[in-house]
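The values are calculated or read from the model by the stated rules, or taken from the named source; none is laboratory data. Nothing here was measured: the structure is a model prediction, and the numbers come from that model. In this analysis, Cβ positions are derived from the backbone assuming ideal geometry, glycine residues included, and neighbour counts consider all displayed protein chains.
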Amino acid sequence: LNDVPFILAKMNRISNETNSTDPSKKDDNSSQPAVIVAGNDSIKLMAESIGINNMSEEACRELANDLTFAIKSILLDAQKYCRKSRRKMLNPSDIDYALKIRSFEPIYGFYSNDQIPFRCSTMTGGNGGGRCVFYVDDQMLDLNEVISLNNSSIRLPNDFVIDAHWLAIEGVQPSVPENPQLVSRDIQKQEAIEGASVKSKEKIGLPIQKTNIGENLVKLKNLVPHDLSMEQQFYFKEITEACVGADEQKRTEALNSLSIDPGLHQLLPRFILFITEGVRLNIVQLNMAILIYLMRMAKALIENKSIYLEKYLHELLPSIFSCLLSKQLCARPDYDNHYALREFSALLVGQVLKAYGSTLTFLQSRIINVYVSAIKSEKSLFSTLFGAIVGLAELGDDQIFESVVLGMVKPIGEKISQVLDGNILPNEKLAAERVKLELIKIISKIFASKSTEIESNYLNEKFGSFIGQLIFLEINKTKNQSTKAKNQEIDKEPKRQANEVNMSKSSSGQSEDCEKLLTAASGIGLVMELKSQLRGSGLNELKLWPGVKITFFSSVVICMFVKWLRKRKIQIPRENLILVDTESKLSIKILYGSVTGKSKYFAEDFAKACSARGITQTSVTNLKDYDPEDNLLNEISPDNILVIFVSTYTDGAAPENASWFYKFVTEMCHDFRYEKASLKGLNYSVCGLGNSLYEDNFNKVAKELDKAFSILQATRVAPLYCCDENTIKSKHSSLEGDYDFWKNNFFEKVDHLKKEEQNPEEKPEEKPETKYEDTSDGEDNQSQSDEYVSDVDDDLNNNEDSAKVKKSNGVLDMEDLGTVIKKVKEKKISSEPKEMITPLLRKSLEKQGYKLIGSHSGVKLCRWTKSMLRGRGGCYKHTFYGIESHRCMETTPSLACANKCVFCWRHHTNPVGTEWKWKMDDPELIFETALKNQYSMINEFKGVPGVKKERIEEALNVKHCALSLVGEPIMYPEINRFIDLLHSKKISSFLVTNAQFPEAMRNLKPVTQLYVSVDAPTKESLKRIDRPLFKDYWQRYLDSLRVLNEKRQRTVYRLTLVKGWNTEEIEQYASLISLGKPDFIEIKGVTYCGESNASTLTMQNVPWYNEILGFVNQMQEKLAHEYEITCEHQHSNCLLLSHKKFKINNEWYTFIDYEKFHELVKDYGENGTQFTSLDYIAKTPSWALFGSKEAGFDPVEERHMRKKKKDISGC
């Protein structure tokens, strides 16, 4: 019964067939109405449409009886509504009400207040088969009747002329040289080449200076004063400020003035100077936005047909070449699209050559020499190569490109191949990729235009195997597309000729009347233009124009009639109409619900994209500030679209700021107080943000919201799309890529809707859209949502091959199997490992001070490193184990993690994953770059007040490495090689793992000290605190602790106490300690890193030092005195429990003999000699012991106290 409209139509046909049977075959009870019966064939067809095949006759018969009963019940209820309404004829609304009382969705698109006069026609012959077709007569409108409605003739207002002139002072135009007559372009050209002749000076009224030397006259160029009038100074100031300002409307007006104003020849030197100086300064400052504005100014001046730029090309062209060939134009070359600026600059050079190349014969050769020098230079970066190649292509002569570039393609291709395969910075790889694509596009276009066939071997020999093979594939692709376009054009030609014949027939009898109408429409357009000009003074000024109001109000009739003409496809010549551009009436309200701020970021970016497309009525609102109970029904409007960006939080819950909105909408579709069509007419689209690693809860909130809106009959403008933060499974490589895909799809749908509104008769066939049913949650519902999203991808990314592969009832045709296998193979071949760090993630981490390495690693200075450089004390590792904090490098070879801990001090800006599927950098590259970045950051402290010079020198020789920056370092597949590199340089290793990769821990080589984060003692609390991605997280947790017990070197449990979360279950902690038997237990309070949307922690969750001490004392009692409190570091809110085996002769040995460790690990690597944690111990100094007066602060250091105590009232 979910397809009631289809069933009703089927039953109607069956009823007609029943009524049309032979009367002789009816029974005696002929007075009774014919019984509606659903045939077995119909039931089988319905079953096969939903994938149920081979249904038995008995089952079909039972279903037919049930269906017959259901249809009869609906029709009987509809008759009751009809009788109660005192009508004799059924309306569609009667059927709707009958369906509503049974909680079914009503039929769409058949509502009418009036009785529709249906007519019936029988189809005969061909495929008609005698079927009945019902139709409605269209009311025909006579053109003469419409025109005769207006008895009086339409009077047109008088025409007007607007002359351009210089500004006047107090109503009088000053007769000064700075306010001259217009000088033609020919005279400017003659003056530039020959100097001002006597004839030209007489023509423009300039004095002639003569010097008699015999009978000859010496021609002297008149001295032109450099002073500008006040009007010119004001004009120059306004134009330049508008061109580089923030107001896009003013910039457009200023550029338009520069491109058409005929009186700019005196201001031209100043404009050129403004452009050249601006380019020189902003290239140094890497301000790409200003460079774009300056190039747009240059384009406007080049397009001005009234000025001659030949005298200034020696200043203008170097500025354009700077924007085209500079090594770097922006601060973030891997993120900002500086290639668009280079392409635009290349276009300007081409325009200059086209305009002045015939006059200046040397111009073309000089431009080509500049490009060739840039390509041949060994110092040129790929960004410069890109500009030179694009510039040569924009000259418009393929012969030039062939003679100059083709011979250098092979070495360029080899250089590109080395860069793409090597460990180079991402921005250089991106530039190399752009050069490769540009070469392939241009060269393939040149060869595709030739009639001769090009063989692959020839291209490989000429351009190298790397570029040659790609060019060969692109040539074949271009030729195939060209052939396909020609075939389509041939197929369309007969149809186009037939349409032209029909159009000429339909408009031939009305040409005279159309001409009158269009003349009137032109007058109306003129009045509308006058109205816009008089907005400042009000509409009352329109009284000055006779007959304007009558003409203005008659425009309504004109507009209605033009619509009627369009509907009947009567051509309207554009030249007879005045077109007025208006802003889009579309309004978009953007709502976002965010945990980490990404939904907010995309919502604001989407608002900017809407403004760029002319949709100015946009607003961005936090769902926390949006009350759906008061506002949601008010959003129902044909010109309004509701766009929702929402992420999914822990266990599939909505973000805190979106929880009320989510609860209200999802409950609204089940609330009996709201009708099922409560949101009918609401236009909406949902974009979900999530991570597919959380399989069951991936974008659950977005899916449920979309489902609820669909049940409430809201109109989905663009399909739901689930953006994936997991770069491995993301369909477009990253969260940003998925968002861009959805955004483009959204605007395509909006443009499509606009076209349908403008041309309703040209609507294409609508594809069936997946609708949610009002069912409970379950696996079927989840799979339906996932299939729906994938259908969107296939629908928007279809190509020629996929269009040929069609499914029928879920069955794939045998002849299409080869195409499918081929596509799968191509997809596997083309799939390459993706980079872990996306552009958005890179931007976020760099903002936090990370120095990123390659595609998945990073290094960052610890605050204790900075502190010890000043001699203000070291970290707790300095107190517990004797490291030198200023010589410690904090790094990680893997930014990804398998947990999302509530106390994560990076606010979940790092990626997550359960296994390594990203592109992998070599450990040598990570190690060398990490040291380089560490030393670079240390060198920045030279000369800083308070920093000790000797500490700087010591810090430039790293001795310790803390693999605990962020993420899970043990996920890196080459972690053992990286550890070997550390030990080969005598750098100790302190590795921290989150106890989710037991096998990686088992295969780990000996490290100086191995940490395991023990954040919770029970399965439930671990899930609540660490929020792990693995489903078997608890078993992995326990296995990791058992593996730790097998290690011979120093092992540590790290407990991070979060007040109110994990400070109560001491007995369970004790049982976990007995499982892993670590050498040391570090217990520290959580570090509050500021407010974050990703965490609800506050200063109230930070325990006091006394509370941590009390916890440690209780822990010591539970461990049967196997461990004792050894050290403390009050400043870090941290204490150390040590195993009693490190207490030798009543003295503690928690410090590390680092030289001894390196000797042992070297012997282990060469001979396989095992060693234990007791083999490289050192005595703990008295100041580091628990209970000392120093409280863990090294007396060599100088304690620095705050002048103003920090407010910790939140504790």
Residue, modelled with the lowest pLDDT, within the stretch 1048-1062, restricted to residues that are more than 42 Å from the chain's Cα centre (by Cα) and closer than 22 Å to residue 876 by Cβ: 1049
Breaking point among (1) crowded, with 18+ Cβ neighbours inside 10 Å; (2) small (Gly, Ala, Ser); (3) without any contact (Cβ under 8 Å) to a residue 12 or more places away in the chain, for residue 989: (3)
Boolean, residue 1185 is exposed (fewer than 14 other Cβ atoms within 10 Å of the Cβ), among the aliphatic types (A, V, I, L, M) and farther than 30 Å from residue 1026 by Cβ: no
Subset of the stretch 388-399 (residues that are at pLDDT 80 or above and not in a helix (DSSP H, G or I)): 395
Residue match in the stretch 52-67 (condition: touching a Pro at 6+ places or on another chain (Cβ under 9 Å) and not hydroxyl-bearing (Ser, Thr, Tyr)): no
Test: residue in the stretch 460-469 that is among the aliphatic types (A, V, I, L, M), within 27 Å of residue 352 (Cα to Cα) and either under 30 Å from the mean Cα position of the chain (by Cα) or in a helix (DSSP H, G or I) (or both): no
Single residue of 1075, 1109, 1137 found to be outside any loop (DSSP other than H, G, I, E, B), surrounded by 20 or more Cβ atoms within 10 Å (Cβ to Cβ) and aliphatic (A, V, I, L, M): 1137
The lone exception for residue 1161 - which of (1) surrounded by fewer than 21 Cβ atoms within 10 Å (Cβ to Cβ); (2) over 15 Å from residue 880 (Cα atoms) it fails: (1)
Residue match in the stretch 400-415 (condition: under 28 Å from residue 304 (Cβ atoms), part of a helix (DSSP H, G or I) and of a type in the set (A, V, I, L, M, F, W, C)): yes
Inter-residue pairs, beta-carbon under 8 Å, first β-branched (Val, Ile, Thr) and in the stretch 1105-1124, second part of a loop (DSSP other than H, G, I, E, B), 6+ apart: 1108/1133
The stretch 898-934 - residue that is hydrophobic (A, V, I, L, M, F, W, C) and closer than 19 Å to residue 735 by Cα and, of those, modelled with the lowest pLDDT: 912
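Residues checked against (1) farther than 18 Å from residue 45 by Cα; (2) touching a Phe, Trp or Tyr at 6+ places or on another chain (Cβ under 6 Å); (3) aliphatic (A, V, I, L, M); (4) not in a helix (DSSP H, G or I):
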{"residue": "59", "(1), (2), (3), (4)": "no, no, yes, no"}
{"residue": "62", "(1), (2), (3), (4)": "no, no, no, no"}
{"residue": "69", "(1), (2), (3), (4)": "yes, no, no, no"}
{"residue": "74", "(1), (2), (3), (4)": "yes, no, yes, no"}
{"residue": "80", "(1), (2), (3), (4)": "yes, no, no, no"}
{"residue": "83", "(1), (2), (3), (4)": "yes, no, no, no"}
{"residue": "89", "(1), (2), (3), (4)": "yes, no, yes, yes"}
{"residue": "93", "(1), (2), (3), (4)": "yes, no, no, no"}
{"residue": "96", "(1), (2), (3), (4)": "yes, no, no, no"}
Selection status of residue 445, surrounded by 15 or more Cβ atoms within 10 Å (Cβ to Cβ) and part of a helix (DSSP H, G or I): yes
For residue 1211: the one exception among (1) over 23 Å from residue 1087 (Cβ atoms); (2) at pLDDT below 90: (1)
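For every residue, the table says whether it meets (1) in contact with a helix residue (DSSP H, G or I) (Cβ under 6 Å, 6 or more places away or on another chain); (2) in the same structural domain as residue 642 (by TED's automatic domain parsing); (3) part of a loop (DSSP other than H, G, I, E, B); (4) surrounded by 21 or more Cβ atoms within 10 Å (Cβ to Cβ).
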{"residue": "674", "(1), (2), (3), (4)": "yes, yes, yes, no"}
{"residue": "703", "(1), (2), (3), (4)": "yes, yes, no, yes"}
{"residue": "710", "(1), (2), (3), (4)": "no, yes, no, yes"}
{"residue": "722", "(1), (2), (3), (4)": "yes, yes, no, yes"}
{"residue": "729", "(1), (2), (3), (4)": "no, yes, yes, no"}
{"residue": "739", "(1), (2), (3), (4)": "yes, yes, no, yes"}
Test result for residue 790, polar (S, T, N, Q), at pLDDT below 50, under 21 Å from residue 473 (Cβ atoms) and not in a loop (DSSP other than H, G, I, E, B): no
Within the stretch 297-339, tally of residues that are part of a loop (DSSP other than H, G, I, E, B) and closer than 28 Å to residue 359 by Cα: 6
